[in-house]
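J.: Structure below; questions to follow.
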Amino acid sequence: WKSSRPSTPTIFPTAPSMLAFLTSTSFLVPHVSRPASISAARALFRAPAAAAAPSRRLATMKTDAEWEKELTPAQFHVLRKKGTEPPGTGEYDKFYPEEGHFKCAGCGNPLYSAKAKFDSGCGWPAFDKCYAGQLKTNTDLSFGRKRVEIVCAKCDGHLGHVFEGEGLTDTNTRHCVNSLSVVYEKGSLDMGEAKM
């Protein structure tokens, strides 16, 4: 028994026949060289690799020696060696500007709006929110207790620690930041803010 349906001609060649065609001398396309091998022909069909996103991190691009040249000894101790300034001694502890923002003292990355700063009475500058995506957190197990360290997302500079559940502001969050880690700059930024 034979089907009455007419056979459909093959329009697209199979993968093996296409590869053979590409490596044959009959594959002549102006301004395109003939692939030298089957593997070279296969490469023509591979999707191009996605371009790597530009890195925002600067920490791995600078050595401690380079940071020491750019920062004061006190800034280097806090930002790069995770030190802490004595409470009540920081330039910005009791500084409450009505506008402006605070940026990382190491790389200039904007971190906090002036409106996010509040008086927590802890002895260090306190903020209840930050510019979204500008900070990262690490688990800090120093001094025999578990804390959440906050660092600049761009250069990994140590800022301080973040605490939650104290009920001091509507966000219920306190970023306890070293004055040496930040620099105040006039002018507000149109950036979204988040608790972390």
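J.: Restricted to region 182-196, and to residues that are in contact with a Cys (Cβ under 7 Å, 6 or more places away or on another chain) and open to solvent by less than 70 Å² (accessible area, probe 1.4 Å), which residue is farthest from R80 (Cα to Cα)?
T.: Among those residues, the one meeting the criterion is A194.
J.: So, one more: Please go through region 128-153 and give me each residue that is under 15 Å from G83 (Cα atoms) and either among the aromatic types (F, W, Y) or exposed (fewer than 12 other Cβ atoms within 10 Å of the Cβ) (or both), ordered by number.
T.: Of everything in region 128-153, those that are under 15 Å from G83 (Cα atoms) and either among the aromatic types (F, W, Y) or exposed (fewer than 12 other Cβ atoms within 10 Å of the Cβ) (or both) turn out to be L141, S142, F143.
Rundown of residues vs (1) farther than 26 Å from L71 by Cα; (2) touching a His at 6+ places or on another chain (Cβ under 7 Å), yes/no style:
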site	(1), (2)
K94	no, no
E98	yes, no
K103	no, no
Q134	no, no
V148	no, yes
C155	no, no
L159	no, no
T173	yes, no
A194	yes, no
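J.: Continuing with this model, one more query. Collect the residues in region 147-196 that are among the small types (G, A, S) and at positive phi, keeping them in residue-number order.
T.: Here is the first cut: in region 147-196, the residues among the small types (G, A, S) are 153, 157, 160, 165, 167, 179, 181, 187-188, 192, 194.
Answer for region 147-196, where residues must be among the small types (G, A, S) and at positive phi: G160, G165, G167, G187.
J.: Do you know which residues across region 68-80 are without any contact (Cβ under 8 Å) to a residue 40 or more places away in the chain and among the charged types (D, E, K, R)?
T.: E68, K69, E70
J.: Restrict the check to region 147-166 and report whether at least one residue is among the hydrophobic types (A, V, I, L, M, F, W, C), modelled with pLDDT of 95 or more, touching a Ser or Thr at 6+ places or on another chain (Cβ under 7 Å) and part of a loop (DSSP other than H, G, I, E, B). Lay out the reasoning, then the answer.
T.: Within region 147-166, the first condition is being among the hydrophobic types (A, V, I, L, M, F, W, C), and the residues that meet it are 148, 150-153, 155, 159, 162-163.
Then keep just the ones that are modelled with pLDDT of 95 or more; that gives 148, 150-153, 155, 159, 162-163.
Remaining after also requiring touching a Ser or Thr at 6+ places or on another chain (Cβ under 7 Å): 148, 150, 159, 162.
If we keep only those that are part of a loop (DSSP other than H, G, I, E, B) too, we end up with none.
No, there is no match, as no residue in region 147-166 is among the hydrophobic types (A, V, I, L, M, F, W, C), modelled with pLDDT of 95 or more, touching a Ser or Thr at 6+ places or on another chain (Cβ under 7 Å) and part of a loop (DSSP other than H, G, I, E, B).
J.: Given region 22-115, what helices (runs of 4 or more DSSP H) lie entirely inside it while holding 1 or more residues that are at pLDDT 60 or above, surrounded by 10 or more Cβ atoms within 10 Å (Cβ to Cβ) and among the small types (G, A, S)? If you could, list the steps in order and put the result at the bottom.
T.: On the way: elements: 38-45, 64-70, 73-79.
In region 22-115, the matching helices (runs of 4 or more DSSP H) lie at 73-79.
J.: Next question, about the same structure. Taking W124 as meeting all but one of (1) assigned to a strand (DSSP E or B); (2) open to solvent by 30 Å² or more (accessible area, probe 1.4 Å); (3) closer than 19 Å to H77 by Cα, write down the number of the exception.
T.: Status for W124: all satisfied but (1).
J.: Being surrounded by fewer than 19 Cβ atoms within 10 Å (Cβ to Cβ), without any contact (Cβ under 8 Å) to a residue 40 or more places away in the chain and not aromatic (F, W, Y) is the requirement here; does T171 meet it?
T.: Details: surrounded by fewer than 19 Cβ atoms within 10 Å (Cβ to Cβ): yes; without any contact (Cβ under 8 Å) to a residue 40 or more places away in the chain: no; not aromatic (F, W, Y): yes.
Judged against the criteria, T171 is not a match.
The values are calculated or read from the model by the stated rules, or taken from the named source; none is laboratory data. Just so it is clear, the structure is predicted and the values come from calculations on it, not from any experiment. Glycine also receives a Cβ, built like all others from the backbone with ideal geometry; neighbour counts cover every protein chain displayed. Only protein heavy atoms, including side chains, enter the accessible area calculation; ligands, DNA and RNA are left aside. Shrake-Rupley method; radii C 1.70, N 1.55, O 1.52, S 1.80 Å.
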